[in-house]
Amino acid sequence: MEELSVVGKSVERKDGRVKVTGSARYAGDLVAPGMLHGKILRSPVAHAKILSIDTRKAEALPGVMAVITGKDFPLKPFGTRPDTRDQLPMPVTKVHHFGEGVAAVAATDEDTAEEALDLIKVEYEELPVVLTAEDALKPDSPPVNEFKSNNLPYASNFNFGDVEKGFKDADYIREETFSSQRVTVGFIEPHACLAEVDATGRILLQGSKQSPYITWRHMCRTLDIPLTKLRIVNPYVGGAFSGKHDPFDVDFAAVRLAQKTRRPVRIVLNYDEVLAAYRQRNAMNARLRLGVKKTGAITALDAECVLEGGPICGIGPFNIYYFGAFLNIPYKIPAIQYSGKLVYSNRSPCGTVRGQEIVLAQFALDSLLHMIGGDIGVDPVQMRLINAVTDHWTTANGIVVDVSGLPRCIEKSAEEIKWKESRKSRPRGRGIGFSCASHPSGPRLGGHFGSSVILKLVEDGKVIVTHGGTEIGQGCNTVFCQMVAEVLGLPIEDIEQGVSDSDTTVFDSGMFGDRCTFWDGNAAVLAAKDLKKQLASIAAKDLGADPDALEFKNRRIYVKENPVKGMDFLLAVRKAYYEDGAPLYGRGYWAATDIDLVDWKTGKGNLAHGLDFIATAIELEVDEETGQVRLLKSAHGDDAGQPINPLMLDGQVLGGSTHMMGHALMEESLYDEKGRALNDTWRDYKQPTSMDVPFETVVEHIHTHDPYGPFGAKGAGEASSCSTLAAIANGIYDAVGVRIKDLPITPEKILQALKLKGTAKSSLKGTVNSSSKGTANSSSKGTANSSSKQKEGK
Amino acid sequence: MRIHIESNFHIPGIEKEESLDFDRERMSLRQFLEELSTMAPASIEYVRPGAILLDKDDWEVDINGIPYQDQEGALDHLLKDGDTVTVKIMTLCGG
């Protein structure tokens, strides 16, 4: 294997210093001459007809330059699919959720803009609210979205393999229900943007966007302008986690106000606006029935899932797909039937959050797997090893796994968490939980999907990288620079990251699904090889050598078999510029063109190459008096192929896991009976801090080599989100013998479950009694197939 | 006339149908797609009013396996009894 100089090293992040010193400029820091400040008026009710909006008093206020409402936009809805378009830039006939923007103001300063909002009079006629999936599915449920006649905008049914036979072959079957709450996305930087319109009417939008391509396309369609009339430049982005794909009222309003006033308009949201009215993760209700052999090998799965996604479809149809599709992996399940429903409600609109709805599917599946293992007496580690996906595996729904390090990940996490030792003795109230997960390295969903990279080799020998991805904190700018440096034999200092600008960059289809390292990474390698070929041709002439026989290393180009015969890298660059007058550009593009597209009707299809895998083990302690959970240690065996930057990869794995620790234990977006947000401040909405996460963390990189990945790398960062919820739920069960299947697992729920089981601290003596463990949910059902007796109800 | 339908998604309003029968002898692709819009329970636009071509970002449509743009008349191509129209949905999102 070739020796790597820059790839595989934990080089300093390209954006690290500017970010930690506060000098990076985010959208909210941007200014422009003559800039106005925009503010958005929000609905105080969750569901109502808009009878009238009177903006006259606001318009008359000195300093106010323009006021707009939904009527200032073409009535063209947008959405992720042409059959699910149900969203307007701002509402016209009705409001759909608390905090929805109904009007916007541009003024010379923020205070005047705020004051003007108070002068806008909106007349509402309140409508009954739909808050839960159960409400939404009632026959008399009031329709939430004016573009659809009922509250069930999307449903899917998948059937893979022979499910009937799978259950017939099972020795043991158990069925359980699971649910998960609404959570916010959790990025640090609120939505913000600066919009300008030039003399020709061309728009420049600089915003905090995760997927500028998606924003660009939706906005141009909705504003009814060609793509060339909107230029998008991405400043630094303070996190996104799937919450910044779409254009929001912020973006539309800034653009329209800039068009009206012919002056730049900046809008920066407060975080309470984000918590109340912007993207959240769907609330989930799921039912899973799993059949296994006595050995623990899975034979069949039957699953249902209902996602409550607020008043828009958004990315919901893909959440429904992902939930069902990724039940097929990381375990070998020969037969699956799945039914998924997306429903509307009058809560905040949903998108998704890191890990997409694989997070929720895996919570349910890995919790159930653990429960069944307990029922049939198979150790949790063994249960996972028996079922773990291995190399060259094709799932029942058609996803092809080339390389799986999952079995080694499981063994490593068990070893690091000291699972075997813990079975001999452990302090009271302590437990260990496991879960595994897999995530694709960037899905191919149809339409524009390739990644492209352009390198400009400047006459001083330094390279500027421009790629179609977005640096949202995940470190992609650094890993691309590493890859380019590696191919060209340059130190990392010689590679700079350029600006992401729709005028000069071919944007990726979006920054999602662990795609960046894999897709753009491949494009970066190809772009560097393109540049290398051009330089080799120049150097070969001088050296009298075959271009293919040249090696690039340490800023030199030399004959591989005769290293003294060579030339300075910079000299070759100067020859191009100064002797041939030729600019040096490297161009690379990559797309997984050899995989089948998913058939949305059947759910069949291979979504992606480079499935990454993780096994997570979490050790925790439950205080039986207070129900408080303290996370002590996490150990992750992680297969991301070849780590490009091991330290940043650690950060991705731990970041994804920490993110979901909040989801598991404390986070929840709460609403009152009228659909109004109850905890829309950071004081009331709890996210984990450094005090809440495990003191000890271990990430063991299981090195595999993906045949399609750049340098053998796979994607990373989302699998650990998918494996954390069940690891915590399973750990709590291991610690105190109560099974909570309704997230978040709050101290109150634990105490109640302990009480129900009659195992509260006062009545407990000595060590945890494994024979008394069971679930506290009456909907549980476990049966031994054929001759074995029923095992539930201990 | 009978038109067979293939798709990569559930076409709203005709989720379980593999073909549609029309009480007429001729029909253009445009008219056929407009019929599909009327069959949908909620608003879905296959053809923008007056458009020469379909929105390429939304739909890929073939007639008997050949892209409709390559058929004579494109959107106004006349379908005949037994033709197969394939409608594929394009997506704009990630995860």
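Observations, loosely collected:
- The residue that is farthest from A:GLY715 (Cα to Cα), among those in segment A:494-538 that are more than 14 Å from every other protein chain (Cβ to nearest Cβ) and assigned to a loop (DSSP other than H, G, I, E, B), is A:ASP503.
- Of residues in segment A:470-517 being among the small types (Gly, Ala, Ser) and farther than 18 Å from A:SER441 by Cα, the one modelled with the lowest pLDDT: A:SER500
- With respect to (1) at negative phi; (2) crowded, with 17+ Cβ neighbours inside 10 Å; (3) not hydrophobic (A, V, I, L, M, F, W, C), the lone exception for A:ARG574 is condition (2).
- Members of segment A:641-658 that are over 19 Å from A:PHE434 (Cβ atoms) and either within 18 Å of the chain's Cα centre (by Cα) or β-branched (Val, Ile, Thr) (or both): A:ILE644, A:MET648, A:LEU649, A:ASP650, A:GLY651, A:GLN652, A:GLY655
- Odd one out for A:VAL378, checked against (1) among the aliphatic types (A, V, I, L, M); (2) free of Cβ contacts under 8 Å to residues at least 60 places away in the same chain; (3) assigned to a loop (DSSP other than H, G, I, E, B): (2)
- Of the candidates A:ASP109, A:ASP29, the single residue that is away from chain B (no Cβ under 14 Å) and more than 28 Å from the chain's Cα centre (by Cα) is A:ASP109.
- The strands (runs of 3 or more DSSP E) found wholly in segment A:1-109 and carrying at least 1 residues that are over 25 Å from A:VAL197 (Cα atoms) and outside the structural domain of A:LEU649 (by TED's automatic domain parsing) occupy A:36-42, A:48-54.
- Matching strands (runs of 3 or more DSSP E) fully within segment A:234-350 where at least 1 residues are in contact with a helix residue (DSSP H, G or I) (Cβ under 6 Å, 6 or more places away or on another chain) and among the aromatic types (Phe, Trp, Tyr): A:336-343
- Enumeration of residues in segment A:85-100 that are charged (D, E, K, R), more than 14 Å from chain B (Cβ to nearest Cβ) and out of contact with any Asp or Glu (no Cβ under 7 Å at 6 or more places or on another chain): A:GLU100
- Single residue of A:ARG408, A:ARG426 found to be of a type in the set (D, E, K, R) and not in a helix (DSSP H, G or I): A:ARG426
- Any hit, segment A:489-498, residues being touching an Asp or Glu at 6+ places or on another chain (Cβ under 7 Å) and surrounded by 20 or more Cβ atoms within 10 Å (Cβ to Cβ): no
- Test set (1) modelled with pLDDT under 95; (2) of a type outside the set (Asp, Glu); (3) touching a Phe, Trp or Tyr at 6+ places or on another chain (Cβ under 9 Å) - A:SER43 fails condition number: (1)
- Qualifying residue in segment A:468-480 (condition: in contact with a Phe, Trp or Tyr (Cβ under 7 Å, 6 or more places away or on another chain), within 14 Å of chain B (Cβ to nearest Cβ) and surrounded by 24 or more Cβ atoms within 10 Å (Cβ to Cβ)): yes
- Failed criterion for A:ARG217 (all others in (1) more than 14 Å from every other protein chain (Cβ to nearest Cβ); (2) of a type in the set (Lys, Arg); (3) under 27 Å from the mean Cα position of the chain (by Cα) hold): (1)
- In segment A:141-162, residue surrounded by the most Cβ atoms within 10 Å (Cβ to Cβ) [restricted to those that are touching a Gly at 6+ places or on another chain (Cβ under 9 Å) and more than 10 Å from chain B (Cβ to nearest Cβ)]: A:VAL144
- Filtering segment A:32-47 to residues that are buried (at least 16 other Cβ atoms within 10 Å of the Cβ), over 32 Å from the mean Cα position of the chain (by Cα) and more than 30 Å from A:VAL465 (Cβ to Cβ) leaves A:MET35, A:LEU36.
- Any hit, segment A:426-435, residues being surrounded by 20 or more Cβ atoms within 10 Å (Cβ to Cβ), basic (Lys, Arg) and over 30 Å from A:LYS533 (Cβ atoms): no
- Where B:LYS16 falls short, out of the listed (1) within 13 Å of another protein chain (Cβ to nearest Cβ); (2) surrounded by 14 or more Cβ atoms within 10 Å (Cβ to Cβ): (2)
- Contact map, segment A:317-334: residues that are within 11 Å of chain B (Cβ to nearest Cβ) paired with residues that are of a type in the set (Lys, Arg), Cβ distance under 8 Å, separation 6+ or inter-chain. Pairs shown: A:PRO317/A:ARG81.
- Matching residues in segment B:52-85 - criterion: being in contact with a His (Cβ under 9 Å, 6 or more places away or on another chain), more than 12 Å from chain A (Cβ to nearest Cβ) and at negative phi: B:ILE63, B:TYR68, B:GLN71, B:ASP83, B:THR84, B:VAL85
- One residue stands out in segment A:121-136 among those that are more than 28 Å from the chain's Cα centre (by Cα) and of a type in the set (A, V, I, L, M, F, W, C): the one that is nearest to the other protein chains (Cβ to nearest Cβ), namely A:LEU127.
- Within segment A:220-243, considering residues that are β-branched (Val, Ile, Thr) and touching a residue at least 60 places away in the same chain (Cβ under 8 Å), the one nearest to the other protein chains (Cβ to nearest Cβ): A:THR222
- Take the conditions (1) touching a Lys or Arg at 6+ places or on another chain (Cβ under 9 Å); (2) without any contact (Cβ under 8 Å) to a residue 40 or more places away in the chain; A:GLY475 misses just one of them, which is (2).
- Unique residue being within 14 Å of A:GLY731 (Cα to Cα) and part of a loop (DSSP other than H, G, I, E, B) when the list is A:GLY675, A:GLY627: A:GLY627
- Qualifying residue in segment A:86-109 (condition: surrounded by 18 or more Cβ atoms within 10 Å (Cβ to Cβ) and at positive phi): yes
- Among the candidates A:LEU75, A:LEU61, A:LEU51, residue that is of a type outside the set (Ser, Thr, Tyr) and over 30 Å from A:GLY309 (Cβ atoms): A:LEU61
- Residue within segment B:19-30 that is at pLDDT 95 or above and loosely packed, with under 12 Cβ neighbours inside 10 Å present: yes
- Those residues of segment B:26-51 which are closer than 18 Å to B:THR91 by Cα, among the aliphatic types (A, V, I, L, M) and facing chain A (nearest Cβ under 10 Å), in sequence order: B:ILE44
- Check on A:LEU301, within 14 Å of A:LEU368 (Cβ to Cβ) and either surrounded by fewer than 24 Cβ atoms within 10 Å (Cβ to Cβ) or within 19 Å of the chain's Cα centre (by Cα) (or both): no
The values are calculated or read from the model by the stated rules, or taken from the named source; none is laboratory data. As the structure is a prediction and not an experimental result, all values here were calculated from the model. Quick reminder, even Gly has a Cβ in these numbers, built from the backbone with ideal geometry, and neighbours come from all protein chains shown.
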